[in-house]
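A short write-up of the structure that comes next.
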Amino acid sequence: MENSKHYFWAVQLPDDIKQSIQDKLQSLKQNFAFKRWVHKSDYHITLAFLGAMDEQKQHTIINLVGNSIKEEKAFNLTIQGINIFGNPKSPRIFWGAVQHEDALFKLQSIIQQSCCDAGFILDSRPYNPHITLAKRWGGDQEFNSALLEKNNPFHDNSLSFIADRIVLYQTNLDKEPKYEPVKTFMLRS
């Protein structure tokens, strides 16, 4: 396939929220020795990872998703915690947790169905909305999960925002930031 870039649908975070996340993470970096911290412009909440696709399939999925979400309303989301994926002693992913919001799960389900209708094979694991903050533990010591509660920058100061933009992103692994918007849909206010 001539296009080796990967694509995914995500909730775009407002710029002020991205900045607030980055500001909150500055004090954490000394306690959390991850090898790669995500660029603030790349913070998002994935809805469906598609992988590679050609232009025709991209056109199809943009139309399907656009039609399927045109009646969906914007909703409030709150970032309230931090957590990890992978080996508890050497985590793969450090992430920001969003409070459970039915509207987010409904939206993800609609987009996932559109992607399946377009012929994409998606991850079958239960949806776990999150914001990737850093990758690959690189500390000299094993990761201490007690640090998650002790150093949660969102515990007393959760971040709330209106989720109103759904974006098809293209991944550019050789650039910083890595994710480039291809198509944006606004949810109804």
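The values are calculated or read from the model by the stated rules, or taken from the named source; none is laboratory data. As the structure is a computational prediction, the values presented were derived from the model and not from experiment. In this analysis, Cβ positions are derived from the backbone assuming ideal geometry, glycine residues included, and neighbour counts consider all displayed protein chains. All accessible areas refer to the heavy atoms of the entire protein, side chains included, with ligands and DNA or RNA removed. Shrake-Rupley method; radii C 1.70, N 1.55, O 1.52, S 1.80 Å.
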Report summary line: Residues whose built amide H sits under 5 Å from the amide H of Ala74, excluding neighbours closer than 5 in sequence, are Arg188, Ser189
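Stretched out fully, how many nm does the piece from Asn128 to Glu142 gain, at 0.36 nm a residue minus the Cα gap? List each step's numbers first, then the result.
Details: separation 14, 0.36 × 14 = 5.04 nm, distance 2.48 nm.
Value of the extension gain: 2.6 nm.
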Query raised in the report: Want the number for Ile121 to Ala33: 0.36 nm per residue separation, take away the alpha-carbon distance, what's left?
Result: 28.3 nm
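Tally up the carbon and sulfur contribution to the accessible surface of the chain as a whole percent, 1.4 Å probe, everything protein left in place.
C and S atoms contribute 45 percent here.
Hey, what number do you get for the chain at 222 nm if only DSSP H runs of n ≥ 4 count, each worth -39500 (n - 2.57), divided across all residues, to the nearest 500?
Details: 4 runs with 48 residues, N = 189.
Result for the chain: -8000 deg cm²/dmol, rounded to the nearest 500.
Shape verdict for region 124-183, please, from the Cα gyration tensor: rounded (a/c under 1.5), prolate (a/b greater than b/c) or oblate.
Numbers: a/c = 2.09, a/b = 1.38, b/c = 1.52.
Since a/c reaches 1.5 but b/c is at least a/b, the shape of region 124-183 is classed as oblate.
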Report task. Give me the accessible area per residue for the chain, probe 1.4 Å, as a whole number in Å². Result -> 54
**Report entry** Gyration tensor verdict on region 50-135 (Cα atoms; rounded if a/c is under 1.5, prolate if a/b is larger than b/c, oblate otherwise)
**Finding:** oblate
**Report entry** Long-range amide H partners of Phe143 with built H, under 5 Å
**Finding:** Ser90
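To the nearest 20 Debye, how big is the dipole of region 1-139 about its Cα centre, given +1 on the beta carbon of each Lys and Arg and -1 on that of each Asp and Glu?
Numbers: 16 positive and 13 negative charges, 162 e Å.
With only Lys, Arg, Asp and Glu charged at Cβ, the dipole is about 780 debye.
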Query raised in the report: PRE reach from Ala74 (point 7 Å along Cα→Cβ): which of region 98-113 fall under 19 Å by backbone N?
Result: 99, 101-108
**Report entry** Karplus (6.51, -1.76, 1.60) ³J(HN,Hα), θ = phi - 60°, over region 129-134, in Hz, Gly and Pro reported as x
**Finding:** x, 7, 10, 5, 10, 7
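Using the Cα centre as the reference, give the magnitude of the dipole from point charges on the C-beta atoms of region 110-189 (Lys, Arg: +1; Asp, Glu: -1; all else neutral), rounded to the nearest 20 debye. Before the final figure, lay out the partial values.
Working: 9 positive and 10 negative charges, 48 e Å.
Dipole about the Cα centre, nearest 20: 240 debye.
So if I place +1 on the C-beta of Lys and Arg and -1 on the C-beta of Asp and Glu, and nothing else carries charge, what would the dipole magnitude of region 68-147 be about its Cα centre? I want it in debye, nearest 20. Provide the component values of the computation, followed by the final result.
On the way: 8 positive and 8 negative charges, 38 e Å.
That gives a dipole near 180 debye.
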Query raised in the report: For the chain, with the dipole built from +1 on Lys and Arg beta-carbon atoms and -1 on Asp and Glu ones, taken about the Cα centre, which of Ala118, Ser145, Ile45 lies farthest toward the positive end?
Result: Ser145
Report summary line: Residues whose built amide H sits under 5 Å from the amide H of Ala134, excluding neighbours closer than 5 in sequence, are Val38, Phe94
